[in-house]
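No lab work stands behind these numbers, since they all come straight from the coordinates. All values derive from a computational prediction rather than experimental measurement. Using ideal geometry, Cβ is built from the backbone for each residue, glycine included, and neighbour counts are taken over all protein chains shown.
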Amino acid sequence: MSEQTSPVNNFHRKTNDRQEYQRTIRMDTESAQKVLYVEGTTLKANLGRCAPPNSKFFSVKCTPTVKYSVVPPPQETPPGSPVVLEDKSKLLISMTSASQHQDDSKLSVSYYGQDEDVLGTAVLHLTALEISLDVDADRDGVVEKNNPNKGSWKWGPDGHGAILLVNCDAERSYVDKPDNKVDYIAKLSDLKDMSVMALRTRGPAKLPEGYKLTMHTCEGHAEGLRVYMSKPRYGRQSSSGAAKDYTPVLSSHVLSGEVPYVGGEAETNFYVEGLRFPDKDFDGLVRISLSLLEPISPELPETPIFTDTVTFRVAPWIMTPNILEPAEVFVCSTSDNYAFLKGMRSLVAKSGYKLSVCHEYMNRGDRWMQDELEFGYIEAPHHRFPVVLDSPRDGKLLNFPYKELLGPDFGYVTRVAPRDDVSSLDSFGNLEVSPPVTVDGRKYPLGRIIIGVAFPTTTQGRHMIKVVQDFLWAQKVQKPIALYSDWLEVGHVDEFMTFVPAPDRKGFRLLLASPDAGYKLFRGLKNQGHGQAKLFEGCRNQETITVDEILEDTVLQADNNYVQSCIDWNRDVLKRELGLEDSDIIDLPILFQLKQNEGDVHRAVAFYPDMVNLIVLGKNLGIPKPFGPKVDGRCALEAEMCSLMEDLGLSCTFIDDFASYHLLQGEVHCGSNVRREPFDFKWWNLDM
């Protein structure tokens, strides 16, 4: 083989981050050493350590595939002349290409005495190997080769790092268990829910005796992932034919596993499955490493001589606000909600969306579709699908999310709490999300989650349970806002606020219930001579009441003064946390009354159907029919609502929910739910 001799540095520096990966090797003048080199790294040899006694000079020879440099750089000497050996002299070695055969490259160091007589020669037989554990670190849906940023995560449009989906759907629709709860791949379609990780290698037909490749992760990260391997193959990637071709490599119980080395130029695909969402005890980051192990002796463990690491972030669960396009509307059918259901069918048909009705065999009389669940989605560059968050409420609808929604490309997640710890505030009428906002220059392109809790100074109040709050905070991308909702009997934020789309300003309006607006409307009616107009006309088993009687009821007035103060407190919080101005808010004329419960605590319920508790279907609104006082044959409350909404280009449909929902302390929004299309904005582009 041809060799080159030179004392001058000829080390070719790599351009990726592996150039800093240095491995110390030993050289021996008594026997030749065999060394396995990994492309992109650097071998470092201490020249003085193996030098024979009285060595003063040295020279280096190598085959053309080997590059080296000496540090500190030696003084220039004539070509072919030995170099002065210093105490700190080190040799840095790299190779330019993978080997076709073992030991097909060579480097030797000759040592000389004072008279330049040869005292000994250390020989390295080198085998070069390319190893790259690769992921989609640039988030374009393609697994690129050896991205220098694959081992870390960075948010933002100029960020990097691979993304992992929690495999929480069920490809086998006949099994009532999410795929992340089973430890095998039952259908090939399950692979699209996973992230591809490729092991790319180039080198001789086999590794030297005793060397092996091992994939591994740490115990904490293993709880969040599972790794499957497809059968290795040569050349370009091809599809495997059956689910049985995929075998597990890593799991929560297996932290390390040997993976095959395939000679020549080869690629082996691994499929990484997310098992859990970010939470209080899990930041969502997981790392997987591949190490090349070198044997020492049969009695001793192998030593890692090279490690390549990739990082994934588990995709967060994302809620969808009212301004996004509906995909499907859900309601319950019960023995007494015919009027409500008829109104909803008409509204959804007019809006052009799909209506799914949960019948009594499944809902068992539980009509509160909004309270049982919340729709969201998860997304990676290669795939996305809806995911339902099941509340810890667990009413008689508890089987619906799991039995009816979980399926192929429809995921499921829940947070469980002791039954005695769950309150009404844990129902998901108490969980909303704003449209995108900008607050003091900080953008929230996915909006902000809104929950209701007790007043900060209250020690005995109700709160949304901690396991749910922890989950919502851990998703990071929709930073939650806490409002004061414990003043309500049911305690849900959807009883006094919602969002509707708008053609101007921020693209939406915040609607707030307002007793002040209600009294202003009723006083206006009285001044116009309509004091004897009646509320609740046409409501079965409900006594009517006149405008005059409402205005003369001092107890009701006091109740609503208190309610208005509670709503105003929340109004200030929402303005501050969402960056709103008063012109972004519309006050709806709604009155409340206080009721005393068993704990001698007075909490509020809507006095007449609560129009803010509505459903948004594009430009069509489904609003509880308020049964307000009629003026010239038209309900004054409906007229006011239409006037306010039609200025935004929104159409109002009033739905009779009085007997079947309002009298049970709920309204249209409480009795319905909407799965919406995802945001166009990609969550990983957030500036965090």
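Numbers for the structure displayed
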quantity	calculated
Proportion of all alpha-carbon pairs of the chain beyond 52 Å (%)	32 percent
Estimated translational D of segment 389-429 in µm²/s (Stokes, Kirkwood radius over Cα pairs; 25 °C; 0.890 mPa s)	223 µm²/s
Phi-based couplings in Hz for segment 654-669 (Karplus 6.51, -1.76, 1.60; Gly and Pro marked x)	9, 10, 6, 10, 4, 6, 8, 9, 4, 5, 9, 6, x, 9, 4, 5
Global size of segment 436-585 as Cα Rg and Dmax, reported in angstrom	18.7, 56
Karplus-derived HN-Hα couplings along segment 205-215 (A = 6.51, B = -1.76, C = 1.60, θ = phi - 60°), whole Hz, x at Gly and Pro	4, 8, 6, x, 3, x, 7, 7, 9, 10, 9
Mean separation of Cα contacts under 8 Å, 6 or more apart, over the residue count of the chain: relative contact order %	11 percent
DSSP-defined beta bridges in the chain - what % are antiparallel, rounded to 5	75 percent
Inter-centroid distance (Cα atoms) of segment 525-556 relative to segment 395-428, Å	41 Å
Amide proton proximity set for TYR444, modelled H, under 5 Å, gap of 5+	VAL437, THR438, VAL439
5 angstrom amide H check on VAL387, placed H, neighbours 5+ away	GLY376, TYR377, ILE378, GLY411
Ellipsoid equivalent to segment 318-685 - semi-axes via the Cα gyration tensor, in Å	31, 23, 22
Per-residue Cβ neighbour rank within 10 angstrom, fewest leading, HIS101, HIS492, HIS125	HIS101, HIS125, HIS492
All-pairs Cα distance distribution in segment 559-688, expressed in whole percent, bin size 5 Å	2, 9, 14, 16, 20, 18, 10, 6, 4, 1, 0, 0
Under 14 Å, Cβ to Cβ, from ASN46 - net charge with Lys/Arg +1 and Asp/Glu -1	+3
P(r) weight above 18 Å for segment 335-464, C-alpha pairs, percent	67 percent
Per-residue ³J(HN,Hα) for segment 564-577, Karplus 6.51 cos²θ - 1.76 cosθ + 1.60, θ = phi - 60°, Hz, x for Gly and Pro	4, 5, 5, 5, 5, 4, 5, 4, 5, 4, 5, 4, 5, 7
Alpha-carbon Rg with Dmax, taken over segment 135-314, Å	16.6, 52
Cα-derived Rg over Rh, computed across segment 618-662 with Rh taken as Kirkwood radius	0.99
Radius ratio Rg over Rh of segment 216-365, counting only Cα atoms, Kirkwood formula for Rh	1.22
Residues whose placed amide H lies under 5 Å from that of GLU39, excluding near-sequence neighbours	LEU129, GLU130, ILE131
0 to 90° range, to nearest 10: angle between helix 338-351 axis and the chain longest Cα axis	60 degrees
Sites matching GluC sites (Glu not before Pro) across segment 364-400 that sit in DSSP coil, with at most 14 neighbouring C-beta atoms within 10 Å	none
24 Å Cα-Cα reach of LYS90 towards lysines, excluding residues that sit fewer than 8 places from it in its own chain	LYS14, LYS34, LYS44, LYS56, LYS61, LYS67, LYS106
The chain: angle of helix 515-527 to the longest principal axis, Cα-based, in degrees nearest 10	30 degrees
Ratio Rg/Rh, restricted to segment 4-130 and using Cα atoms, in which Rh is the Kirkwood radius	0.95
For segment 491-517 versus segment 64-103, the gap between their alpha-carbon centres in whole angstrom	73 Å
Calculated [θ] (222 nm, deg cm²/dmol) that DSSP helices of n ≥ 4 give over the chain, each run adding -39,500 (n - 2.57)	-4000 deg cm²/dmol
DSSP-loop GluC sites (Glu not before Pro) across segment 289-349, with at most 14 other Cβ within 10 angstrom	GLU299
Filtered trypsin sites (Lys or Arg not before Pro), segment 83-147: DSSP coil and at most 16 other beta carbons within 10 Å	LYS88, LYS145
